[in-house]
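Following: one structure in structure tokens, then a few remarks.
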Amino acid sequence: MRYSLSLLLVALLCTCVRAQWTITATDIDPANYYGITVANGTVGLVSSPEPMRVKDVVLNGVFDNYQRGRVSNILKTFNHMNLNLDVDGRRIGRRDISNFRQELNMQTAELVTTFDVGDKLSVRHTLLSLRHLPYTALAQVQLTAKRAVDVTPMSVIEAPDHLRDVRNTYSEIDRPHVLIGLLTSYADSPTGAHRVAASTSFIFPEVHGQEPKVIHEDWDFGMHLAKFHRKLAAGETYSFAVVGSATATEHFADPLNEAERLTIFAKLEGTERLLRRHRAAWAELWKSDIQIEGNLRDQVAVRSALYHLYSFVREGQAYSLSPMGLSGLGYNGHVFWDTEIWMYPGILALQPELAKSILQYRYNRLPAARTNAFAHGYAGAMYPWESADDGSEDTPVWALTGPFQHHISGDIAWAMWKYYQTTGDREWLRSTGWPVMREVANFFASRVDRTAPGAYNIDNVIGANEWEENIDNNAYTNGMAITALRYATQAAGVLGLEANPDWETVAANIPILKFPDGTTRENATYDGVVIKQADVNLLSWPMDIVRDPAAIRKDLAYYEPRLSPEGPAMGSAILALLYARLGEREKAYQLFEQSYQPNEVPPFGVLAETAGGTNPYFATGAGGMLQAVLFGFGGLEFTDGGIVQKSGTLPQAWKSLTITGVGQDGKTFVVR
């Protein structure tokens, strides 16, 4: 009896742990389906409600001018990881299957789809964007026959309509012990700015001399496939895999040959080795984790946010994050303030090397930011509101945010200083952080209108609350300008350089406006209208300008009821963070739940930008929610001595909060 009880307890424990790491979709409605993404920071694969299919393939860093707004869009490339399956000569689709189930294992970044084909076949399909191979994906397929059956699996490459001059090839490389078949497509991007390529190959079981014959079918320029036939006896299980690589001239001078080389490499590595290295890479990432005891729903939601941010960026490359990450083409794949102010803080706290890649993206585009400042009559560096490939302004002309949302330069300088605070890397500060911070400080020094002492105004801007256009002395913009100027002065001191004394003069004279009762006023003409998202409250976090608890409460009390329910998710998250810091844990928890639960869409609960929205995955919202946990409930703080825990508070719904792998030293912080 004791032995049986022990086994039961172990089983229950395993089930509980597994539940914390999985997101399962069973009642799948194709008409109300928002896919979940498996990605490795370079290649994003978005799930589909169709069996063994992928909705979109997004290739990081590749932009071209097509679709909307006369501006660049991140490129949707070849859909190279699709599979077809014929069973007894019939192509299967949704109408032919039952027990359709999809489950994401966040711990290993594997999406498993299972279904039955009548009384003939059970199918298990596993999709991965391999973490250790930035351009390569893997699909594993396991077919179990319920009775004797003929199957024809197919590896398919399909071209989206916007690709030009599509070419399809199939080639075989014959070696004594293996025949390497390569299904390959290449094409030009819509304007011809890039060439893109994709190549796939089957990986068959290692049984010498028994590999099936692969047949190539070239249907048209938009699609071709490689297939094989197999007879399965009743009860027999047969497994195979497809490995595929996607590249572009953004990554390699010769993407066609490189896609084929990378596919050959992965094929000859073999499935077992690919899985082992992929899982080891994810295990390393998950050393930095957030563990919530006592509330499974919050635990899964927080892990999902972490999983997506980890999936959308990788170390060792200089690409940043768009609001939708690699989950699709939302916001054209452009980079906004969403990165530095919303997604970056959590990444920096838990994965400084990933954060470093994000900052390298901005450093590499410093010359373009200088050009932008010059074009607008300013000194220094004026970063674009929407950035894509070359760092020039990529906001559609109809959106006034492009010329007027100047706080983004300060947001980037803030992020640079936080990286130095977290890592203490003085050489990085000298080579990368300081040049950006210096030029941003020079920009704001030239940007102010020096009308009188205490009135170095910053007029004609759009602040964080984008519903107030072309206003003067916006609280958030002014606060971030002050912060950037003072951080630049601090950075100069660390490096033994002489700071421009004008920076402190300007910082000391930029006004933060107040109402007569002391509440911070959002801008010079703000009269209490509904706001899109937090603006004034950001002066308390991530800035430290409004720091007195009574003043923080006053600003919260005024602006919380004015925050529109139609605004983006991160507004509630920042209020939750501030209430948690004030010790109002239940109020904080209410706003924390509000920051993600109304935005979850079926069947995986991925986050939309707004409650009832349909544009997931909103990585910005995920970043805001994680900040509420890390810097609110968790009490973490960026300081000159690194990341420390100043205080923490738990809502009643949680028994404990454990944050592991924090900062350079991988520290652990606990709140009970």
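Bear in mind that the values in this text are calculations on the coordinates, not laboratory data. Predicted model, so just to flag it, every value in this text is computed and none were measured. Please note: Cβ atoms are built from the backbone with ideal geometry, for glycine as well, and neighbour counts cover all protein chains shown.
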**OP:** Let me have the 222 nm mean residue ellipticity of the chain computed from DSSP H runs of 4+ only, each contributing -39500 (n - 2.57), with the sum over all residues rounded to the nearest 500.
**Re:** -9500 deg cm²/dmol
Original post:
To the nearest 0.05, how large is the calculated FRET efficiency for R101 and Q142 if R₀ is 22 Å and r is the Cβ-Cβ distance?
Top reply: 0.95
**OP:** Pop the C-beta distance of E586 and R562 into the FRET formula with R0 = 22 Å and round what comes out to the nearest 0.05.
**Re:** 0.55
**OP:** With r as the distance between the Cβ atoms of E600 and D548 and R0 = 35 Å, compute the FRET efficiency 1/(1 + (r/R0)^6) and round to 0.05.
**Re:** 0.45
Subject >> Computed lengthening from W467 to D502, 0.36 nm per intervening residue step minus Cα-Cα distance >> reply: 9.3 nm
**OP:** Report, to the nearest 10°, how far helix 271-285 tilts away from the longest principal axis of the Cα atoms in the chain, using its own Cα long axis and a range of 0 to 90°.
**Re:** 20 degrees
Subject >> Peptides 452-460, 149-157, 621-629 ordered by average Cβ neighbours within 10 Å, highest first >> reply: 621-629, 149-157, 452-460
**OP:** Starting from the alpha-carbon convex hull of the chain, give the projected area averaged over all orientations, in nm².
**Re:** 31.8 nm²
Original post:
Among 243-250, 263-270, 230-237, how do they line up from the highest to the lowest mean number of other beta-carbon atoms within 10 Å?
Top reply: 243-250, 263-270, 230-237
**OP:** Starting from the Cα gyration tensor of the stretch 253-336, take the square roots of the eigenvalues, sort them a ≥ b ≥ c, and report rounded, prolate or oblate (rounded when a/c is under 1.5, otherwise prolate if a/b is larger than b/c, else oblate).
**Re:** oblate
Original post:
Counting Lys and Arg as +1 and Asp and Glu as -1, each charge on the Cβ, what is the dipole of the chain about the Cα centre in debye, to the nearest 20?
Top reply: 1700 debye
Original post:
In whole angstrom, how far apart do the alpha carbon centroids of the stretch 152-213 and the stretch 524-569 sit?
Top reply: 53 Å
Subject >> Cα gyration tensor shape for the stretch 365-516, rounded if a/c is under 1.5, else prolate or oblate >> reply: oblate
Subject >> Cα→Cβ-extended label distance, 7 Å offset, between T639 and T614, nm >> reply: 4.9 nm
Original post:
List the aspartates and glutamates whose alpha-carbon lies under 16 Å from that of K655, not counting same-chain residues fewer than 8 positions away?
Top reply: E293, D298, E586
Subject >> Potential lengthening between T525 and R94 on full extension [0.36 nm per residue; Cα-Cα distance subtracted] >> reply: 149.5 nm
Subject >> Estimated distance in nm for a label pair at A379 and Q20, the labels positioned 7 Å out from Cα along Cα-to-Cβ >> reply: 5.4 nm
**OP:** Find how much the distance from D459 to E272 grows on full extension, using 0.36 nm per residue of separation minus their present alpha carbon separation; answer in nm with one decimal.
**Re:** 61.3 nm
Original post:
Given +1 on the Cβ of Lys and Arg, -1 on the Cβ of Asp and Glu, and no further charges, what dipole in debye does the stretch 89-149 carry about its Cα centre, rounded to the nearest 20?
Top reply: 280 debye
Original post:
What is the distance in Å between the Cα centres of the stretch 281-314 and the stretch 374-426?
Top reply: 29 Å
Original post:
Roughly how many Å is it from the Cα centre of the stretch 437-459 to that of the stretch 584-609, as a whole number?
Top reply: 38 Å
